[in-house]
């Protein structure tokens with residue numbers, strides 16, 4: 001029997017990694033980071049325990065990759081729903097709403113993700129391929145809006161979105177979505193009506209400066 005081609009092996013690796021990341025998201029979303037072991041993830045993915053450690057150097061790195069992948073898939077799907085002629089402001093508004101919406105839909109998962117990123121003892125923020133795909137998508141949105149340095153502007157946007165996610169998820173001191181969204185939209189000069197507003201009217205004091213309206 002001839003050995004498998006390299007392309008076949010690569011596809012098998014990709015599928016195994018995706019199964020592991022999907023299992024990680026599902027389990028941490030349900031039972032938390034501390035309550036999820038690598039053995040649990042392997043069993044849920046239907047793979048050998050050793051494969052998890054082979055592909056990912058630790059549970060904290062696996063969670064980062066898994067969450068970045070899930071956020072990328074969610075953001076890509078939301079942007080794909082827009083009409084082809086959607087304005088740059090509409091695309092950015094959609095991106096902001098998509099990330100905040102993902103955080104609110106997966107609070108346990110995102111709290112674990114953010115806690116690990118902010119904990120110096122667990123490592124650092126890892127710019128792995130999954131994070132890079134998410135970053136490239138956001139940089140594309142910023143480039144379409146006229147950014148002269150999408151990479152630098154993406155770093156600022158990423159920090160702003162992370163702060164917004166922390167605001168809506170901070171245990172015991174959660175800030176409602178409306179003021180968090182209003183702050184981000186005002187910061188980037190986006191009209192309240194763009195994207196998917198959580199309420200028809202903006203909060204008092206909000207000054208929209210966006211242009212055309214398309215729905216996410």
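Values in this text are rule-based calculations from the coordinates and carry no lab data. In this text the structure is predicted, and so the values were computed from the model without any measurement. Backbone-built Cβ (ideal geometry, glycine too); neighbour counts: all protein chains shown.
Rg/Rh for segment 64-128 stands at 1.06; both radii use Cα atoms, and Rh follows the Kirkwood definition. Axis of helix 150-169 versus longest Cα principal axis of the chain: the two differ by about 90°, to the nearest ten degrees. Packing around the peptides 104-112, 53-61, taken as the average count of other Cβ atoms within 10 Å per residue, puts them in this order, highest first: 104-112, 53-61.
Label separation (residue 149 vs residue 136): 2.3 nm, computed from points 7 Å beyond Cα along the C-beta direction.
Compute the angle between helix 129-144 and the longest alpha-carbon principal axis of the chain, please, reported from 0 to 90 degrees and rounded to the nearest 10. Rounded to the nearest ten degrees, it is 20.
For the chain, find the longest principal axis of its Cα atoms and tell me its angle to the long axis of helix 88-105, 0 to 90°, nearest 10. Result, in degrees: 60.
Convex hull volume of the Cα atoms of segment 19-98, normalised per residue: 104 Å³. Between residue 199 and residue 39, full extension at 0.36 nm per residue minus the direct alpha carbon distance yields a gain of 53.3 nm. Each listed q (0.09, 0.18 Å⁻¹) maps to a log10 I(q)/I(0) for segment 60-216, found by the Debye formula over equal Cα scatterers with no solvent: -0.28, -1.13.
Among 135-143, 9-17, the peptide with the highest mean count of other Cβ atoms within 10 Å heads the list, and the full ranking is 135-143, 9-17.
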